[in-house]
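Read-outs: derived from the displayed coordinates by stated rules, not from any lab. All values derive from a computational prediction rather than experimental measurement. Because the Cβ atoms are built from the backbone with ideal geometry, glycine has one as well, and the counts that use them run over all protein chains shown.
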Amino acid sequence: MLGVEKVGHRVGRHWVRAGHAVLFGANDPRELHAWVGDLGPNARLTSLVGAAEADVVLVAVPFREAPGLYEALSAQLAGKVVIDATHPVRFDDRGRLVHALGVHPTAGERTSRLLPRSLVARSFTHIPEELLTTRAFAEPVRWAMGVSADDDRAHDVTSDLVRDCGFTPVSLGRLADSGPMDPEGPLFPHLYTEADLRRILARVGGKSDDINPTGGANVQ
Ligand SMILES: NC(=O)c1ccc[n+]([C@@H]2O[C@H](COP(=O)([O-])OP(=O)(O)OC[C@H]3O[C@@H](n4cnc5c(N)ncnc54)[C@H](OP(=O)(O)O)[C@@H]3O)[C@@H](O)[C@H]2O)c1
């Protein structure tokens, strides 16, 4: 876990609960993060470098900080699944949330270019952080979470970790197709059922893995 505040904290708690050993990597591990100790022996507070030793790494730091982190940790992250949860988002002068990269490339493609030796996935991006806890625990499985990756293993590992958080993973396909999860995309920043999420992707021509060709939602 790179970043241990809102997103890192909430997702990490789910993963510990699911039985994973989680290294919570803080910029400045200190008293403020003492809650990690309450999660039991499977949770450990460490530095960012320490957390990058994990088999799978979730990036939950501010978007603008991520490139420097990728540069510093690229050797450690090589060959690993790196799940990018960062938002390339900014407010424009009319107060609208807009895509800081201008929509193309997608955030996932950009991360993949910055980490060419890692298996980059994109997920945990389109749901506001507080719902990562409240919805998952209140209604496990009902709510869907988009997942994109170019590499099959990265896709499958990320999907399993999404399930471990109580959400149903829905594939958007490759990183180039992950735009709907980015700012200004139709999934951002919302919570959908699986059926609704698939219906939205079908409308916008997304690459969901199981879109009903008639445009209707697939309810499974
Ligand atoms: N908030 C949401 O609803 C939401 C939902 C989905 C995705 N996201 C995205 O997920 C990411 C994390 O969001 P958040 O709301 O959890 O943010 P946050 O609460 O601001 O937490 C950011 C974390 O990044 C760390 N950090 C800050 N600067 C850093 C640096 N230069 N190097 C390494 N670590 C650094 C912070 O550590 P220190 O406090 O020790 O500096 C903190 O642990 C963001 O990119 C955000 O856009 C947010």
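Just a few scattered comments:
- Only helices enter this figure: runs of n ≥ 4 DSSP H residues, each worth -39500 (n - 2.57), summed and divided by the residues of the chain, yield -9000 deg cm²/dmol at 222 nm to the nearest 500.
- A cut-off under 9 angstrom between Cβ atoms defines the neighbours of A149, and their net charge, with Lys, Arg +1 and Asp, Glu -1, is -1.
- Between helix 129-138 and the chain: long-axis angle, C-alpha atoms, 0 to 90°, nearest 10: 80 degrees
- Candidates L97, L191, L119, ranked by Gaussian network fluctuation over the chain, Cα under 10 Å, top entry: L97
- Of every Cα-Cα pair in the range 46-132, the percent that sits beyond 21 Å: 31 percent
- Cα long-axis angle, helix 6-17 against the chain (0 to 90 degrees, to the nearest 10): 80 degrees
- Alpha carbon Rg of the range 50-90, scaled by the compact-globule rule 2.2 N^0.38 Å: 1.13
- As computed over the chain, the Cα convex hull volume per residue (Å³): 120 Å³
- Bridge orientation summary for the range 1-121: considering DSSP beta bridges with both residues in this region, about 20 percent are antiparallel.
- Cut-off 13 Å, label 7 Å out along Cα→Cβ of H190, residues of the range 130-164 by amide N: 144
- C-alpha center-to-center spacing [the range 55-120, the range 1-45] in angstrom: 20 Å
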